[in-house]
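Data first, discussion second: the structure below is written as structure tokens.
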Amino acid sequence: MDRTAVTTEAPKSPWGSGTPAVPACSLTDVMSEQLARQLDEESNAFPALTEPGATLLFPDESPDTTSDLMLAQILQMQFDREFDDQLRREEKKFNGDSKVSISFENYRMVHPYEDSDSSEDEVDWQDTRHDPYRAEKPQATPRKGFTGKGKNITTKHDEVTCGRKNTARMDNFAPEVHVGDGLGMDLKLSNQVFNSLKQHCSSEQRRSARLHEKKEHSTAEQAVDPRTRLLMYKMVNAGVLENINGCISTGKESVVFHADGGSLEEQPIPDEVVLKVFKTTLNEFKNRDRYIKDDYRFIDRFSKLNPRKIIRLWAEKEMHNLTRMKRAEIPCPEVVLLKKHILVMSFIGKDHVPAPKLKDAMLGSEVIKNAYYQVLHMMQQLYQECNLVHADLSEYNMLWHEGKVWLIDVSQSVEPTHPHGLEFLFRDCRNVALQSDVCVCFCLADRGVGEEERGSCSEAREENVPGGV
Ligand code: ADP
Ligand code: MG
């Protein structure tokens, strides 16, 4: 190949003589590595000819472009920074003037360390690690109690210092106390104001605690103390009950709730049930010890159990007595479930309306007579077939439902062999005889009063009693 000298004229720059003429060289020289490097070095000396972005980014350094890797890294950095700039713009647009802003910092491509130059002049870039809402820690006064010297001495009682300290201390008030947002304001709270605020907060706290206590206590009064409530929730959770609706009655020893029956695998549950919750407040049951203490069925366990567990015996006793009565086909609630001191049984009534007590039922004289005979028959069955004495038989513990008298409340019922069994039986008979309208009717009949007047006498009594429950 001929060695042909390649000569080139120096290009005329429209911007004047900024670019020096490239010296003429042979093609072989052009092709040589050495020349290429030399040209590269020369061109680096003139920033105007290099890529603008790279030099602007690294004004102090002259990037080494000999290695491809280095070049790629520089370009990548350039690309990442552009991405971050865009991110900042988007963040700014997203947050607008909102007081609560969302930081996109985690999406940044360039590590803040590498980007330290640019983050300095970016005012909008929020540093999320610094919480601007946190009150500055008040400066502690040194142990000696003052700072400064001579005229400039500041004691710990200094009004301004104390005011600032008090403002910062408001942070320690209970969360429910709204102390406002004094960010950026040099707030000073006088000792007097701070003290009365503090007093108010603590008395408020005490008051709310008292309210809480009272609430807990009052539910315990209604037998639904937290433990009982938990038991009831568990029944609903287990699906035994669909819903617990409301309270039918609160007595001295028990609270009765209406509930919608759920389902049990091995046993059908009526659609409507009642929960008889025996009260866990023990004083009432203390007076009724004799009904259970001397019942030979419970005598062993009674002596061994603590008072709280004895309450469960009452529920258990009612369950056993009801089961006996059901077997003898006496109209009474059917036992569904016993859980500690809660007895679940069928509901006597319809569509959430409980059957009225016999005392409240508005019955005509004929019906009353019929009811009276029903009661006599039930007492007989109870004694002969169930081997039981009700021991609290009255118009209050009999319900009138579907033309029948239903016997309820048999937790205190005992066997006739109970030391007081016959005494209780006598009392039951007297109660039924004296309270019954039928008895009044019979008495009047005995004295020669006719059927019509007897009826009106009975109706007159009905008018004085509230109907239903
Ligand atoms: P206490 O021991 O508090 O007297 P009771 O068993 O007599 O408890 O129930 C109190 C009241 O609750 C009853 O007068 C009755 O109105 C209602 N009640 C109790 N059991 C049922 C039931 N199975 N169905 C409908 N109402 C009931
Ligand atoms: Mg009762």
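The values are calculated or read from the model by the stated rules, or taken from the named source; none is laboratory data. Because the structure is a prediction, the values reported are computed rather than measured. All Cβ positions, glycine included, derive from the backbone under ideal geometry; neighbour counts span all protein chains shown. Note: areas computed on protein heavy atoms with side chains; ligands, DNA, RNA excluded. Shrake-Rupley method; radii C 1.70, N 1.55, O 1.52, S 1.80 Å.
Miscellaneous remarks
- Here the label points at D171 and S208, each 7 Å from Cα along the C-beta direction, are separated by 2.1 nm in the simple model.
- Only protein atoms count toward the accessible area here, which uses a 1.4 Å probe; on segment 146-210, the carbon and sulfur part of that area reaches 51 percent.
- Cβ-Cβ FRET estimate between K198 and E242, R0 fixed at 41 Å, reported to 0.05: 0.25
- Nitroxide proxy distance, nm - points 7 Å out along Cα→Cβ at L187 and R430: 7.5
- Accessible area of C162 in the full protein assembly, 1.4 Å probe (Å², nearest 10): 20
- FRET E, pair T417, Y396, Förster distance 25 Å, beta-carbon r, rounded to 0.05: 0.45
- Taken along the Cα-to-beta-carbon direction at a fixed 7 Å, the label points for N306 and A72 span 7.6 nm.
- Charge tally around V410: other residues with Cβ under 10 Å, Lys/Arg +1 each, Asp/Glu -1 each, net -1.
- Over 21 Å between alpha carbons, listed pairs K339/K359; K359/K404; K279/K326; K357/K404; K252/K404; K99/K198: K339/K359; K279/K326; K252/K404; K99/K198
- At a probe radius of 1.4 angstrom, the accessible area of segment 146-210 per residue rounds to 79 square angstrom.
- With a Förster radius of 30 Å applied to the beta-carbon distance between D351 and Q384, the computed FRET efficiency rounds to 0.25.
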